[in-house]
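The values are calculated or read from the model by the stated rules, or taken from the named source; none is laboratory data. All values derive from a computational prediction rather than experimental measurement. Please note: Cβ atoms are built from the backbone with ideal geometry, for glycine as well, and neighbour counts cover all protein chains shown. Please note that ligands, DNA and RNA were not included when accessible areas were found on the heavy atoms of the full protein model with its side chains. Shrake-Rupley method; radii C 1.70, N 1.55, O 1.52, S 1.80 Å.
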Amino acid sequence: MNTETDIGMQTPLPSVLAFSNIALFLDFDGTLVSIASHPDAVTLPPRQRRLLSTLQTRLKGALAIISGRRLADMERLTAPLPLTLMGCHGAQWRDSDGTRHAERLESEATVHLGAALTEFSQRHPGTVFEDKTYAFALHYRQAPQYERACRDTMTRLWQAHRDAYQLTEGKCLLELRHHACHKGRAVQRLLDTPPFRLRTPMFIGDDRTDEDAFPVVNAHGGFSVRVGEAAQSQATYRLDSVEEVLSWLERQTRSMSR
Ligand SMILES: [Mg+2]
């Protein structure tokens, strides 16, 4: 568990740093592209496409996008760039040569959770059950009167499957997330293999789930970068916005080409 002293406010990232030996890990939504009203409305604009392509070359392949989206979704958004991609917070991934991998799931648990939550949402109109393969989310935004019932059910299901799942909470939603969904584990997995190995890690992200990656990056003497206003976070550095992320990275690519 982290203590208060580990969690500080962030300082702005230096405008230029020795970038050629970085292993760069990027979150997607809210980091590389602005958050849209619906996740399906997001595309990868030409500016980001150019930047990722240049970074991939200059960093000799030590670039990965690590997102909560499904891997197939990330492949569709970034095609045809030959990037290392991780979906479902690292539970599924694709090497830059196109080889796909996925953490194994226990079908007994997934079938039980899927059936129980489908039945629950049918019996509690307005609640929404979302099967994200490695995570099961129960939303109650449209049915706040069922918050208690949602909590009781998700807690009961978590107790039955706590060896493989953790229970997390978001805005009007509860989520049972498989242990494989962990951006810190995802970063460590990549840092153990070429071309990421022996490089200094940098992780840039804006999400609560990115907090799992920051301590891993810090332990490797790397750069943990939170996107947004200064906040209680494990990140050491900060960039203000998506626009600042893009211009900061573009500046590094220019300095590397000199
Ligand atoms: Mg994000």
Quiz item: Among the residues of region 61-82, is there at least one that is among the β-branched types (Val, Ile, Thr), closer than 14 Å to residue 27 by Cα, more than 16 Å from the ligand (Cβ to nearest atom) and open to solvent by less than 30 Å² (accessible area, probe 1.4 Å)?
Solution: no
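What residue, of 32, 55, is crowded, with 21+ Cβ neighbours inside 10 Å and either basic (Lys, Arg) or more than 16 Å from the ligand (Cβ to nearest atom) (or both)? Please lay out each step first, then the result.
Values: 32 fails: either basic (Lys, Arg) or more than 16 Å from the ligand (Cβ to nearest atom) (or both).
Exactly one of 32, 55 is crowded, with 21+ Cβ neighbours inside 10 Å and either basic (Lys, Arg) or more than 16 Å from the ligand (Cβ to nearest atom) (or both), namely 55.
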Exercise. Run residue 216 past the list (1) surrounded by 18 or more Cβ atoms within 10 Å (Cβ to Cβ); (2) among the hydrophobic types (A, V, I, L, M, F, W, C); (3) in contact with a strand residue (DSSP E or B) (Cβ under 7 Å, 6 or more places away or on another chain) and report the number of the one that doesn't hold.
Key: (3)
Quiz item: All but one of (1) assigned to a helix (DSSP H, G or I); (2) open to solvent by 30 Å² or more (accessible area, probe 1.4 Å); (3) not hydrophobic (A, V, I, L, M, F, W, C) hold for residue 226; which doesn't?
Solution: (1)
Exercise. Look at region 152-167 and say how many of its residues are open to solvent by 30 Å² or more (accessible area, probe 1.4 Å) and farther than 15 Å from residue 117 by Cα.
Key: 3
Quiz item: Can you tell which of 188, 122, 145 is of a type outside the set (A, V, I, L, M) and crowded, with 16+ Cβ neighbours inside 10 Å?
Solution: 188
Quiz item: Out of all the residues in region 192-202, is one or more outside any strand (DSSP E or B) and within 16 Å of the ligand (Cβ to nearest atom)?
Solution: no
Quiz prompt | Complete set of residues in region 126-169 that are free of Cβ contacts under 8 Å to residues at least 24 places away in the same chain, of a type in the set (A, V, I, L, M, F, W, C) and not in a helix (DSSP H, G or I) | solution = 128, 129, 143, 167
